[in-house]
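**Q** The structure under discussion is supplied below as structure tokens; questions concerning it will follow.
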Number of protein chains: 6
Amino acid sequence: MTSTFVLLHAKIEEMANMIEEFNDYRARMNEVILGKNNLVMKRLWNLDTNTYEDGALDKSTKEMLGLVASMVLRCDDCIKYHLGKCHELGITTEQVYEIFAVANIVGGTIVIPHTRRAAEYWEELVKQSS
Amino acid sequence: MTSTFVLLHAKIEEMANMIEEFNDYRARMNEVILGKNNLVMKRLWNLDTNTYEDGALDKSTKEMLGLVASMVLRCDDCIKYHLGKCHELGITTEQVYEIFAVANIVGGTIVIPHTRRAAEYWEELVKQSS
Amino acid sequence: MTSTFVLLHAKIEEMANMIEEFNDYRARMNEVILGKNNLVMKRLWNLDTNTYEDGALDKSTKEMLGLVASMVLRCDDCIKYHLGKCHELGITTEQVYEIFAVANIVGGTIVIPHTRRAAEYWEELVKQSS
Amino acid sequence: MTSTFVLLHAKIEEMANMIEEFNDYRARMNEVILGKNNLVMKRLWNLDTNTYEDGALDKSTKEMLGLVASMVLRCDDCIKYHLGKCHELGITTEQVYEIFAVANIVGGTIVIPHTRRAAEYWEELVKQSS
Amino acid sequence: MTSTFVLLHAKIEEMANMIEEFNDYRARMNEVILGKNNLVMKRLWNLDTNTYEDGALDKSTKEMLGLVASMVLRCDDCIKYHLGKCHELGITTEQVYEIFAVANIVGGTIVIPHTRRAAEYWEELVKQSS
Amino acid sequence: MTSTFVLLHAKIEEMANMIEEFNDYRARMNEVILGKNNLVMKRLWNLDTNTYEDGALDKSTKEMLGLVASMVLRCDDCIKYHLGKCHELGITTEQVYEIFAVANIVGGTIVIPHTRRAAEYWEELVKQSS
């Protein structure tokens with residue numbers, strides 16, 4: 001009974017910390033990886049940052065492109081990352097769900113489980129900022 | 001020591017609740033998603049239900065098709081969903097393993113880790129119904 | 001003008017020989033590959049044949065599983081191979097289209113171009129046997 | 001020598017007709033497929049059309065989303081379709097290449113061969129409209 | 001507060017047991033699967049073992065091939081398995097990161113989250129053996 | 001009859017020019033793409049070249065990694081490119097087939113059609129150099 005309680009409680013903590021946990025793990029492991037000084041990895045990551053900067057298309061559009069690409073490729077962590085960016089840039093819930101719709105139509109019902117986790121993360125982003 | 005105990009205990013709970021937990025999360029997040037009233041998402045999900053109904057092929061065959069497609073695309077949650085349906089429709093363990101075999105041959109050894117999780121979930125479905 | 005005529009004519013020839021051309025290339029290259037005596041390749045190909053034999057599931061069901069798996073993985077040659085087998089085993093056009101439907105729902109609209117080529121090949125199989 | 005000439009000539013014809021050929025084959029096979037009256041296929045295709053209509057996001061943004069999704073999933077025909085739509089909607093060459101860039105960064109160098117074919121098709125679209 | 005403590009503590013335990021946990025689950029589920037006596041599955045698994053034996057290419061090269069293939073296909077458990085083998089065979093950290101680099105360039109930034117988990121597992125393998 | 005002859009003859013020409021045609025198209029389209037001065041694309045392509053240079057792993061090993069990655073991701077043009085490089089670097093036919101074997105085991109029978117085209121291209125590379 002106690003263990004169930006702890007599990008449930010832990011579940012709630014985990015939920016509340018979903019965003020923090022994602023960001024912490026990401027930052028920690030990026031440090032490990034970049035610490036190995038592999039030049040190709042370093043340059044690819046720099047390039048990744050450049051890709052989403054304002055250009056002929058603005059940042060918001062590019063982050064939406066990154067999001068839909070991550071969804072059809074079914075990469076949960078990539079989805080979380082781009083959802084965070086979309087949220088920062090003021091993309092609305094209605095717009096995010098239209099991106100989800102494109103991803104589900106193009107990529108099929110196998111995208112649904114990733115959409116569930118994306119929706120959960122988006123709820124959390126909205127809640128934390130309200 | 002206590003934390004290890006709690007962890008192990010939690011592990012057992014989690015195992016016992018694998019099916020329930022999957023169904024609960026699925027139901028909860030489907031509600032969140034459908035609550036946003038995105039018409040494309042709604043229609044796609046309706047269509048998804050229609051797809052597996054009796055037609056020129058019967059339900060059982062279609063659920064087996066859904067299962068093998070989910071396996072080669074390596075979507076654990078989709079696999080769980082179709083395993084649940086296959087179990088309800090009376091597909092036998094021997095048949096399920098022949099579906100696993102097709103998926104592993106077509107999709108290669110990268111399907112093995114998903115087969116392990118599928119086997120674990122199937123054991124649970126069989127145990128709960130016996 | 002002549003070259004356009006030749007192109008169009010060649011197009012028609014090619015269409016008529018779609019099945020033969022597929023089977024010929026397949027046979028010719030299999031011979032090249034197996035001629036190199038790589039043991040893993042040989043065994044995998046034997047195993048591939050075993051996979052679709054009658055068992056707890058019959059051949060027809062297994063070929064349908066192979067077809068839907070090939071479609072969601074978007075492998076045109078694999079699709080052609082399993083369509084050929086499905087045709088031999090007496091699967092009907094209506095049944096084949098229900099398999100197409102599962103593949104398109106699970107795998108999304110990116111499966112559509114492969115469905116077009118599958119439909120073209122199926123028409124040809126039906127025409128040649130009538 | 002003559003055959004080489006014919007081949008080369010045919011090559012040029014083919015190039016000039018790249019867009020027409022793509023659209024013709026697509027129209028012809030859609031007719032075959034829809035003619036079979038599979039309800040799931042019909043509805044999915046309707047839904048596909050709805051997905052890219054103006055909403056919280058405008059048509060242009062949605063077509064760009066469709067393009068990048070098609071690129072990372074490496075579906076040449078899907079890419080051609082969305083390039084056609086992007087061209088109709090006035091997306092510029094510079095913008096298209098920023099979409100290519102996102103697709104190549106997210107999806108890696110395996111997207112490059114598809115980018116080559118996309119670039120070729122885009123050149124053709126631009127040339128035909130000038 | 002207690003539950004947070006338990007969670008954190010459990011986290012540390014889990015980290016320390018990452019390798020053991022992976023191997024245990026793998027062994028346990030392999031036993032379940034092989035216990036069903038599906039011949040295709042059994043033979044595929046034997047063949048899988050044969051594939052990585054010394055031949056025209058040595059074991060180390062083959063394990064590196066297995067690792068990079070697992071990475072671009074984004075199969076975390078396959079990555080862990082081949083990382084374990086690479087570690088046993090004396091592949092260095094610098095070499096492992098060059099394999100990571102090839103995987104990230106070929107497969108794109110969607111490989112990054114898998115690279116993070118791979119890096120974490122590799123650190124653990126190195127730590128346990130020092 | 002004439003058109004059949006032309007088709008067959010063209011087929012032979014095409015076969016003989018498989019390598020040249022691949023390299024020509026690649027060079028021509030790279031020029032088009034790089035001519036647009038998209039910075040991300042340019043840098044990614046430079047980085048791609050760097051990735052396969054001698055380091056902790058030698059060029060040959062890296063090209064083999066590139067080949068197996070391309071095979072499991074089923075990218076025919078990428079396969080051709082790395083086969084060309086492997087051939088230049090003196091990788092033997094027996095070694096190439098062991099790479100094919102790893103790719104087929106990891107990626108499954110959907111890799112077979114790509115293995116056929118890879119085998120055809122390899123035969124051509126060997127023939128041209130003898």
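**Q** When you look at F:LYS42, is it part of a helix (DSSP H, G or I), at pLDDT below 95 and either on the phi > 0 side of the Ramachandran plot or surrounded by fewer than 21 Cβ atoms within 10 Å (Cβ to Cβ) (or both), yes or no?
**A** no
**Q** Looking for something more than 7 Å from every other protein chain (Cβ to nearest Cβ), within 14 Å of the chain's Cα centre (by Cα) and hydrophobic (A, V, I, L, M, F, W, C) - is there at least one such residue anywhere in the stretch B:71-79?
**A** The answer is yes; a qualifying residue exists.
**Q** Have a look at E:ILE99, E:ILE91 and point out the one that is touching a residue at least 12 places away in the same chain (Cβ under 8 Å) and more than 22 Å from B:PRO113 (Cα to Cα).
**A** After ruling out the rest, the residue left standing is E:ILE91.
**Q** Return the residues of the stretch C:113-130 that are closer than 15 Å to C:CYS75 by Cβ and not charged (D, E, K, R); say none if nothing qualifies.
**A** Listed by number, the residues that qualify are C:PRO113, C:HIS114, C:THR115, C:ALA118, C:TYR121.
**Q** Let me ask you something else. Quick check: anything in the stretch D:49-60 farther than 29 Å from A:GLU94 by Cα and in contact with an Asp or Glu (Cβ under 7 Å, 6 or more places away or on another chain)?
**A** From the stretch D:49-60, those farther than 29 Å from A:GLU94 by Cα are none; that's our starting set.
Checked the stretch D:49-60: no residue is farther than 29 Å from A:GLU94 by Cα and in contact with an Asp or Glu (Cβ under 7 Å, 6 or more places away or on another chain).
**Q** Is it the case that C:LEU67 is buried (at least 21 other Cβ atoms within 10 Å of the Cβ), on the phi < 0 side of the Ramachandran plot and in the same structural domain as C:ARG26 (by TED's automatic domain parsing)?
**A** No.
**Q** Taking the stretch F:81-95 as the region of interest, how many residues are part of a helix (DSSP H, G or I) and either within 7 Å of another protein chain (Cβ to nearest Cβ) or buried (at least 24 other Cβ atoms within 10 Å of the Cβ) (or both)?
**A** So the first thing to find is which residues in the stretch F:81-95 are part of a helix (DSSP H, G or I), and the list is F:81-88, F:93-95.
Remaining after also requiring either within 7 Å of another protein chain (Cβ to nearest Cβ) or buried (at least 24 other Cβ atoms within 10 Å of the Cβ) (or both): F:82-83, F:93-95.
Matching residues across the stretch F:81-95 total 5.
**Q** Which of the residues spanning the stretch F:12-41 are at the interface with chain D (Cβ under 10 Å from one of its Cβ atoms) and of a type in the set (Val, Ile, Thr)?
**A** Correct list: F:ILE12, F:VAL32, F:ILE33, F:VAL40.
**Q** Would it be correct to say that C:ILE105 is within 14 Å of chain A (Cβ to nearest Cβ), crowded, with 24+ Cβ neighbours inside 10 Å and either farther than 21 Å from D:ARG74 by Cα or touching a helix residue (DSSP H, G or I) at 6+ places or on another chain (Cβ under 7 Å) (or both)?
**A** Yes, satisfied.
**Q** In addition: In the stretch E:42-70, what residues are more than 8 Å from every other protein chain (Cβ to nearest Cβ) and under 11 Å from the mean Cα position of the chain (by Cα)?
**A** Within the stretch E:42-70, E:GLU63, E:LEU67 meet the criteria.
**Q** So, one more: Considering only the stretch B:23-35, I want to know if a residue exists there that is surrounded by 14 or more Cβ atoms within 10 Å (Cβ to Cβ), assigned by TED's automatic domain parsing to the domain that holds B:LEU89 and among the hydroxyl-bearing types (Ser, Thr, Tyr).
**A** No, the stretch B:23-35 contains no residue that is surrounded by 14 or more Cβ atoms within 10 Å (Cβ to Cβ), assigned by TED's automatic domain parsing to the domain that holds B:LEU89 and among the hydroxyl-bearing types (Ser, Thr, Tyr).
**Q** Which condition number does A:CYS75 fail, the rest of (1) within 27 Å of E:VAL126 (Cβ to Cβ); (2) surrounded by fewer than 23 Cβ atoms within 10 Å (Cβ to Cβ) being met?
**A** A:CYS75 satisfies every listed condition except (2).
**Q** Of the residues E:ALA101, E:ALA69, which single one is within 26 Å of A:GLU31 (Cβ to Cβ), at pLDDT 95 or above and in a helix (DSSP H, G or I)?
**A** Exactly one of E:ALA101, E:ALA69 is within 26 Å of A:GLU31 (Cβ to Cβ), at pLDDT 95 or above and in a helix (DSSP H, G or I), namely E:ALA101.
The values are calculated or read from the model by the stated rules, or taken from the named source; none is laboratory data. Since we're looking at a predicted model, the values are computed, not measured. Reconstructed Cβ throughout: ideal geometry from the backbone, glycine too, with neighbour counts over all protein chains shown.
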